[in-house]
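S.K.: The structure that follows is given in the form of structure tokens.
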Amino acid sequence: MKYMILIYSDEDAWGRATPEQWQAMMTGHREFQGKVAGMGGILLGGEALESQQTATSIRGDVVTDGPFVESKEALGGFYLIDAPDLATAQAIAKAVPTNVCVELRPVWDTTGMV
């Protein structure tokens with residue numbers, strides 16, 4: 001089953017990060033990526049996202065600049081994994097390095113739907 005791990009972070013904190021802190025964060029993510037297979041999952045993809053200030057919200061025909069909801073916590077990136085069950089996916093999600101939290105959601109398999 002596929003799961004999306006949404007990574008939330010405090011964008012203000014990363015704006016103040018030193019080069020050493022950035023390096024530690026990147027090292028943490030590379031180490032996480034290397035652990036996924038050993039934890040019983042498959043890493044299918046993942047990316048970091050630009051600042052929420054670059055977001056565009058679209059509701060119907062209305063397009064606005066910025067995120068729909070302003071929050072100190074912002075969606076900063078994601079991983080897409082394949083895991084045999086929810087417990088494995090949760091264990092993998094717990095290993096994601098972040099300064100705030102992650103959200104784990106199953107990907108809805110719409111294969112064969114219209």
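S.K.: Name the most mobile residue of Pro84, Pro97, Pro19, meaning the one with the largest mean-square fluctuation, in a Gaussian network model of the chain with Cα contacts below 10 Å.
M.R.: The residue that fluctuates most here is Pro19.
S.K.: From the phi of every residue in the range 88-94, what ³J(HN,Hα) in whole Hz does the Karplus formula 6.51 cos²θ - 1.76 cosθ + 1.60 yield, where θ is phi - 60° and glycine or proline is x?
M.R.: Computed from phi, the couplings for the range 88-94 are 5, 4, 5, 4, 5, 4, 5 Hz.
S.K.: Can you work out the Karplus-derived ³J(HN,Hα) for every residue in the range 49-64? Use 6.51 cos²θ - 1.76 cosθ + 1.60 with θ = phi - 60°, whole Hz, and x for glycine or proline.
M.R.: Per-residue couplings from phi come out as 10, 5, 3, 4, 5, 8, 6, 10, 9, 10, 10, x, 9, 9, 10, 10 Hz.
S.K.: Can you give the relative contact order of the chain as a percent, counting alpha carbon pairs under 8 Å and 6+ residues apart?
M.R.: 48 percent
S.K.: If you don't mind, another one. Quickly estimate the mean residue ellipticity at 222 nm for the chain, helices only: each DSSP H run with n ≥ 4 gives -39500 (n - 2.57), and the total goes over all residues, rounded to 500. Could the numbers behind the result be given before it?
M.R.: On the way: 3 runs with 31 residues, N = 114.
After summing the helix terms and dividing by the residues of the chain, the value is -8000 deg cm²/dmol.
S.K.: How much length, in nm to one decimal, is gained on full extension between Met26 and Asp82, taken as 0.36 nm per residue of separation minus their Cα-Cα distance?
M.R.: 17.9 nm
S.K.: Follow-up. Any idea how far apart Ala55 and Glu103 come out in nm if each label point goes 7 Å out from Cα toward Cβ?
M.R.: Output for this residue pair reads 0.9 nm.
S.K.: Gly76's amide H: which non-local residues (gap 5+, or another chain) put their own amide H closer than 5 Å, with H modeled 1.01 Å from N in plane and none for Pro or chain starts?
M.R.: Residues meeting the criterion, in which the H sits 1.01 Å from N, are Ile7, Tyr8, Ser9.
S.K.: Round to the nearest 10 and report in Å² the accessible area of Arg105, as given by a 1.4 Å probe over the protein chains' heavy atoms.
M.R.: 130 Å²
S.K.: Turning to a different aspect of this structure: Round to the nearest 10 and report in Å² the accessible area of Thr110, as given by a 1.4 Å probe over the protein chains' heavy atoms.
M.R.: So the heavy atoms of Thr110 present about 70 Å² to solvent.
The values are calculated or read from the model by the stated rules, or taken from the named source; none is laboratory data. Because the structure is a prediction, the values reported are computed rather than measured. Positions of Cβ are backbone-derived with ideal geometry, glycine not excepted, and every protein chain shown enters the neighbour counts. Please note that ligands, DNA and RNA were not included when accessible areas were found on the heavy atoms of the full protein model with its side chains. Shrake-Rupley method; radii C 1.70, N 1.55, O 1.52, S 1.80 Å.
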